[in-house]
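The values are calculated or read from the model by the stated rules, or taken from the named source; none is laboratory data. If you're wondering where the values come from, they're calculated on a predicted model, not measured in any experiment. No Cβ is skipped: glycine too gets one built from the backbone with ideal geometry, and neighbour counts run over all protein chains shown. Quick note on the areas: whole protein, heavy atoms, side chains included, nothing else; ligands and nucleic acids left out. Shrake-Rupley method; radii C 1.70, N 1.55, O 1.52, S 1.80 Å.
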Amino acid sequence: MKIICIGRNYAEHAKEMKAELPSEPVFFMKPETALLKETDFYLPDFTNDLHHEIELVLKICKAGKHIEEQFAHKYYDQIGLGIDFTARDIQTECKLKGLPWEKAKSFDNSAPIGKFENKTKFILNNINFSLTINGEQKQLGNSSDLIFSFDQIISFVSKFVSLKVGDLIYTGTPSGVGPVKIGDKLEGFINGVSYLTLSIK
Ligand code: MG
């Protein structure tokens, strides 16, 4: 399986990153070794500025390529919550040098994932989600604020990369990203229900 991540998909986050609003979806990938299903995360020693990015995650249920937007909804059946951990100091260095972001984004355990629910449980264009650290709310988003919808993302990405059953799509983070430190307890919520917990070790 592979993990596809969408960048700059919420206007307020693009603004906080001092990035332009994208005219088409921006995507990158994380390998399977990035996936973390445990609740302990060990802070890597190669960064001094590891940022949380809470994101709604789609689980692909049907293989496809060149998927038309009108049929894209048939290609994912579950929605969950994940964190796109980003070594912001390394990413900034990569951006300045015009280099790819993998070193900052694709390292082992950089994609914690919580539980999934069948998508029929949600109103897809009105999903509230949030992240707290030590009980304090740090990020709050709603799928209605996506620049590119779930279906637009699937259609666009599948022009370039075939989707397979079990692939995950991290759909972008709202504003409020920031650093984590050892001892922090992160908790992610969808519509007020806890979907993910993580202890930074
Ligand atoms: Mg992200």
Farthest toward the dipole's positive end in the chain, which of Gly192, Ile113, His66, given Cβ charges of +1 (Lys, Arg) and -1 (Asp, Glu) about the Cα centre?
His66
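Could you work out how much longer the chain between Glu69 and Lys97 gets when fully extended? Use 0.36 nm per residue separation minus the Cα distance between them, nm to one decimal.
6.6 nm
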Only helical DSSP H runs with n ≥ 4 go in: add -39500 (n - 2.57) per run for the chain, normalise by residue count and round the 222 nm mean residue ellipticity to 500 deg cm²/dmol.
-4000 deg cm²/dmol
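Output the peptides 97-103, 51-57, 181-187 sorted from most to least packed, where packing is the average of other Cβ atoms within 10 Å over each peptide's residues. It would help to have the intermediate numbers written out before the result.
Values: 97-103: 12.0, 51-57: 24.9, 181-187: 14.1.
Descending mean neighbour count gives 51-57, 181-187, 97-103.
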Quick check of the Kirkwood formula: for region 3-199, what is the inverse mean of 1/r over all pairs of different Cα atoms, in Å?
16.7
Once the whole set of protein chains is in place, how much accessible area is left on Phe122, using a 1.4 Å probe, in Å² to the nearest 10?
20
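When the solvent-accessible surface of protein heavy atoms is calculated with a 1.4 angstrom probe, in what order do Arg88, Arg8 fall, highest first? Working shown, then result.
Values: Arg88 20, Arg8 70 Å².
Output order, biggest surface exposure first: Arg8, Arg88.
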If ligands, DNA and RNA are left out, what is the accessible area of Thr86 with a 1.4 Å probe, given in Å² to the nearest 10?
0
So which residue, out of Pro44, Pro31, Pro174, gets the largest mean-square fluctuation from a GNM of the chain using Cα contacts under 10 Å as springs?
Pro44
Rank Phe148, Thr47, Pro31 by how far each Cα sits towards the positive end of the charge dipole of the chain (+1 on Lys, Arg Cβ; -1 on Asp, Glu Cβ) and give me just the farthest.
Pro31
Only four residue types carry charge here, +1 at the Cβ of Lys and Arg and -1 at the Cβ of Asp and Glu. Report the dipole size of the chain about the Cα centre in Debye, rounded to the nearest 20.
360
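Quick check: residue separation of Asn109 and Ala19 times 0.36 nm, minus the Cα distance between them. What number comes out in nm?
29.8 nm
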